[in-house]
Structures are given as C-alpha cells and as structure tokens.
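Enquirer: Got a structure here, written out as structure tokens. Questions coming.
The values are calculated or read from the model by the stated rules, or taken from the named source; none is laboratory data. Just so you know, these numbers come straight off a predicted model, no measurement behind them. Virtual Cβ from ideal backbone geometry, glycine too; neighbours counted across all protein chains shown.
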C-alpha cells in the first residue's frame, strides 16, 4: 500500500484550482504541488485541452489574497464545492453565490488576528499620542527651529488653559472608553491588549458573546455615544457597509477617535474626511480605504490622522501561520473532515 | 484657631523657591500661591531687598521640568533642605551635592509612568511594524505609484525567499524577547502592557526585584544577547551613561531593536547611528537624544527608525497627576511627614 501511494502519478493527485490576481504568487512550501495537482488560469498551460478537461471536475478552489471571486467566475467551475480563502475578510468573494450553491468557504482563521490586533493598538496609541506626527516633526527639521520644548512651553504646568494648538493635543490611553466593533478573534485580542493600558472596553456585534464580561451594545450609535474611540475589526457585509456614518461620528463627538483595520467601506469615507477636516471628530487611524490604493488627499495635511497602506497583517510569521491553516483546510476537505476555519454563510 | 489660620498674612505662608528655565511657567492650581509664598528668581521683584531677605531662609526648592540645578545654584540657597522635582528622571539635578548636604529630593513619582510605558510600547510596535514609515509612504503619494499591493506582491505567499527590501521587513510582536532595562514604575508598566502581545519579558536592574517572576540579568550584555529588543527606561547616572555601547549593540544583533524613553546619554549615540546606518542592528525608536533638540540627521533617511521629540510624557492627564504629587510633597515637607515620592540618593 505504502509503495503504491508513493508511486502515484501526479495525474492522480487531488485537483486544486488556484484563483488569483497577478500580484499574488504561490510559493507555498515546495511540497504543496507534490500533494495536490494545481491548476492556475494564469499559467499558459491552463488553456491546454488536457488541463481544460480537468477544470469541469475540480472541487476545491484556493483563492489567494483579496482576488475578487465573482458569481461569473464561480459559474465557470460547476463542480467546486469548497473555496479556501487566504484572508481574514472575504468581502471579495461572492458569498451569496457560495451559499446558494452550498459551497463551503474558509478564511485565514486566526493566522492574521494577532498582527491585526497589534496594529490596531499601534494606530490607537499613535493617534492619541501623535507618534507619526512627532516623527514627521523631527524629520522636517522642526525641533531645533521650534525650540527645545515645543510641548513643554505650552503644556507643562499650564494645566488650566490648554485649549489652543489642537495639533499637539495629546491624550492618555488610561481611562479611555474604547468601543470595539466586531468581537471576533481580532477584536478579542485587541481587548486583551488594551486592558493593561487602563482602557475601558465595550463592544458591538450582531450577537452578545457568551462568557464575555465587556458591555455589549446592540447598535453602533449607542456604542459611539459611550466611547472615546471606536475600533473597527468586523467583516464588511451589506449590513456593515457604511455603518460608520454621519450620525455615528456625531455621536462619537469632537474628541472621538476612529481606528479601522477592517475594510474601508465600513466607513462612509467622504463623511469621515469632512468630519476630520472640520475638526468634528478628534482623529483617525486608517489601514484600509474605500478605493485602495487611493487615499483622500485632504488627510495628508492632518496630524491627528495616521495612514497605513493596508498592511495591518503582513508579517512573515503571520504568513507561516496562514500557510498552515490553508493546507489544513485543503487536507481536511479531501479527507471529508471538518474544515478548521470554515465561515458561517447566511 | 481656625479664624487665626485663615487670617494669616501672605508673609506668614511657607516659602517655596521656584527654580526654572524660562520656557517653564507655573500655572498650578490658582490656590497654590494662596497656600505658599512663591519666590521666583525670574520675577523682577526677586531682587528687591524684601524678597532677598527671605532667600537665605527658604527651605524648599521647587524645580520645574528639566531646569538644570547645579551645585553653584544650590550654594546660593544655604537653608534649602528639600528639592521637589517635577520630572521622572533627575539627571539635571546635582544629586551628589544634595546627598552631601542632606537635602531630600523628590521626583514626579508615578505621574508620568503610564504615559512613558504607553509610548515605549508604541515605539516598539512602530519600529517592528513600520507604522510611521507606512504613514510617510502614503503621504508621499507612493501607494498608487507602487501599485495596490506593495507588500503583498513581495511577501504574500512568498514565504521562503523573503530577503530583499529590508525597509519593508515587518516583525510580529508575539514571541519577541523584550529586555527591559530598569524595572521601576515605568518598566513594570511596560512589561504588563507587552505580555498580552505575546512578548517574552526579561530585565536588567541594579538589584533583582523581589516578587517579580521575569528573568533578571545582572549585566546588560547578557540581556542583549538574549533579547530581540531592548527598552531603556532607567535613570541616567554615572553608572548608566553610555551603557548601550558598541559591545551591547553587537550582542543585540542585526535584527535587534532599541527603544529609548529614558535619557539620550544612556546610549552612545554616535555608535548607535553607525550601527543603524550600516544595518548592524534592526531598528530604533527614540524619544530622547544626547544633544536635544539636535537629532543625528543620518537617522532622517531610515525607515526602521522612529523619532520623537522627547514627549513620551506629555498628556494633560499626566500633568494633572504631576500637580497632585508635587503639592503632596510640598505639603508633606512642611508638615514633617514622609515625602510621597522621595528618591534614594547614594
């Protein structure tokens, strides 16, 4: 039996269809192609009659990165029963079609959660304490020009009358009420990290989580009203699209801060820019945008905004973890076992 | 008795000598001057015969911010028995003279500790995850120019061969061995904050701390050898001056990171610049420098360095806390009670 398995011709390996846009390349552990027969539409040989004869029977599609997976694409592969995704959010996948066809879908599981949580905390401290703005201040050569104590002269021992120079207003993390929107794996890790800073955590999610002691708010408006900062780390769906709108930002208030490590379209970006430019909210830390890689240029001039090019999740360690979860999902599918990071479709 | 106390003329109030350099002004709660008679050498009336007659008997000196307090200055006030400081570090005060004269000295106590710890964590995440560099990348307009996935194309699914483009190398916090130098109030708070990120904490201090389970290293070389990042939050003294030298940086290694929220001269800055420019250490997050406000310009070009203009401690909340500890120290001195934040002189 053992020698028979080892002598299997590649033709007998389980088929895995790769779905990707060109920047995303596959260089998983070199043994992946030895375990599965990979079909890649971007490969010139894909159009060969031999490969095409396999396409109609392929049961598993591996979607790399945020490559859009539309209903039309799925229609071309009628035998697909499983989409193995490789990102935390799957808003690039037509989940309604998957649900209708009974296709199971997996995401990156927890592979990216720690990275995203770390980055959300970094963005929050950066906005409150102006880390990036301070770095810019120094690199512009402004420190010697503005004197040795640009802050000291304004703030130190001048406790009562600190009202001018909003740019350099700094906020302490301790005591800040942080509202986490989406208390999944990422959100829970954010909460765990922020508690030792003295932040007071509350959250919004579709359903109250069992065994979680943080206050749950059923709607975002109430959470915003009772928060100094909102952190977005939920999935982008029809329901969450533009959930941070004018009303929510008004409820958050002039000193309120918004951190987004989820998806750009969770926020009505045009409104956000208006609120920031007018000073109607206190600041924002953004890793994602509605029209990436375009970022509203009005934000480039603001010191109470921290901008990041969608890389809250991008460490080598996270990609090693991702590789493991992707392979585990593929192997579980072909072994008819429960998929480690299957998502709930509704 | 009560009415007699209330009718005290200002002349009968305890004398407090203010010592400050011009940027630092006193606007403590307005009632401070109603409780104490403040003598300020920067005040024109200070040279009046009436004020000068009081100077020789003043017992308490309130030192604002990092105003240098030399032996010569102290000699001019022979009756001073107590120096109330208002910063965490007191390297600007001639502590040897204080010790010789038996002057008790207080610092800011814990007023700034949370701010400093928060900032140290922010600098560490920023260096490891390139938050400020990412912000700069976007504000330079580089994101659309470099394509939608500046990282994805290099890193995503390319796990084995990530060796080029050091600038964009990102590190995960989880599993990093962080060596804290100085496990006082600030260092302890840093440790508490970093544990939920999955960092592995060790520390160096003059003495092993009782009731602390983190490994203690008696010398900095050993700590550097066993750390991925060093965080400096100890006092600057003759013993700690340039403690981070060429040998320690070599021990820390090419991927090692140095965070400094203590004082600039804890590091041999010229060596640090050489190591960073040559890529012989992995990065640095600096809030303090040897010749503030001068920052070595070689660092301005480096994306693995985060620069901050000495404002790890600068939130309004911290200054409120500072005010409380300063007043508590002054009141305790005049009441002959133990001073809340007296430091140990040796």
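Enquirer: Please verify whether residue B:61 is at pLDDT below 95, touching a strand residue (DSSP E or B) at 6+ places or on another chain (Cβ under 7 Å) and under 21 Å from residue B:326 (Cα atoms), treating the condition exactly as stated.
Expert: Against the criterion (at pLDDT below 95, touching a strand residue (DSSP E or B) at 6+ places or on another chain (Cβ under 7 Å) and under 21 Å from residue B:326 (Cα atoms)), residue B:61 does not qualify.
Enquirer: Among the residues of the range A:332-346 satisfying the criterion of being in a helix (DSSP H, G or I) and in contact (Cβ under 8 Å) with a residue 40 or more places away in the chain, which is farthest from residue A:89 (Cα to Cα)?
Expert: A:334
To keep it simple, each residue is scored yes or no on (1) within 14 Å of chain A (Cβ to nearest Cβ); (2) buried (at least 21 other Cβ atoms within 10 Å of the Cβ); (3) at pLDDT 95 or above.
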site: B:105; (1), (2), (3): no, yes, yes
site: B:111; (1), (2), (3): yes, yes, no
site: B:114; (1), (2), (3): yes, yes, yes
site: B:152; (1), (2), (3): yes, yes, no
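Enquirer: Read through the list (1) more than 14 Å from chain B (Cβ to nearest Cβ); (2) surrounded by fewer than 22 Cβ atoms within 10 Å (Cβ to Cβ), then give the number of the only condition that residue A:266 fails.
Expert: (2)
Enquirer: Given the options B:74, B:42, name the one that is more than 12 Å from chain A (Cβ to nearest Cβ), more than 22 Å from residue B:328 (Cα to Cα), modelled with pLDDT under 95 and touching a strand residue (DSSP E or B) at 6+ places or on another chain (Cβ under 9 Å).
Expert: B:42
Enquirer: Turning to a different aspect of this structure: Within the range A:20-39, count every residue that is over 17 Å from residue A:323 (Cβ atoms) and at pLDDT 80 or above.
Expert: 3
Enquirer: Return yes when residue B:67 is modelled with pLDDT of 75 or more and more than 25 Å from the chain's Cα centre (by Cα) and no when it is not. Let's see the steps before the verdict.
Expert: Details: modelled with pLDDT of 75 or more: yes; more than 25 Å from the chain's Cα centre (by Cα): no.
Taking the combined requirement at face value, the residue does not satisfy it.
Enquirer: Are any of the residues in the range A:293-313 crowded, with 21+ Cβ neighbours inside 10 Å, assigned to a helix (DSSP H, G or I), at pLDDT below 90 and within 7 Å of another protein chain (Cβ to nearest Cβ)?
Expert: No, the range A:293-313 contains no residue that is crowded, with 21+ Cβ neighbours inside 10 Å, assigned to a helix (DSSP H, G or I), at pLDDT below 90 and within 7 Å of another protein chain (Cβ to nearest Cβ).
Enquirer: Does residue B:320 fit the bill of being without any contact (Cβ under 8 Å) to a residue 24 or more places away in the chain, assigned by TED's automatic domain parsing to the domain that holds residue B:62, more than 22 Å from residue B:202 (Cα to Cα) and surrounded by fewer than 24 Cβ atoms within 10 Å (Cβ to Cβ)?
Expert: When the stated conditions are applied, residue B:320 passes them.
Enquirer: With in contact (Cβ under 8 Å) with a residue 40 or more places away in the chain, crowded, with 20+ Cβ neighbours inside 10 Å and touching a strand residue (DSSP E or B) at 6+ places or on another chain (Cβ under 9 Å) as the only criterion, which of A:230, A:252 stands out?
Expert: Answer to the selection: A:230.
Enquirer: I've got another one for you. Condition first: under 13 Å from the mean Cα position of the chain (by Cα) and away from chain B (no Cβ under 11 Å). Now tell me which residues in the range A:77-93 satisfy that. Full working, then the answer.
Expert: Going through the range A:77-93, the residues under 13 Å from the mean Cα position of the chain (by Cα) turn out to be A:86-92.
Passing the criteria: A:88, A:89, A:90, A:91, A:92.
Enquirer: Would you confirm, using the coordinates I've provided, whether residue B:280 is within 14 Å of chain A (Cβ to nearest Cβ), in a loop (DSSP other than H, G, I, E, B), over 22 Å from the mean Cα position of the chain (by Cα) and surrounded by fewer than 22 Cβ atoms within 10 Å (Cβ to Cβ)?
Expert: no
Enquirer: From B:140, B:96, which residue is within 14 Å of chain A (Cβ to nearest Cβ), under 29 Å from residue B:292 (Cα atoms) and surrounded by fewer than 19 Cβ atoms within 10 Å (Cβ to Cβ)? Step through it out loud before you land on a result.
Expert: Details: B:96 fails: within 14 Å of chain A (Cβ to nearest Cβ).
Result: B:140 is the single residue among B:140, B:96 that is within 14 Å of chain A (Cβ to nearest Cβ), under 29 Å from residue B:292 (Cα atoms) and surrounded by fewer than 19 Cβ atoms within 10 Å (Cβ to Cβ).
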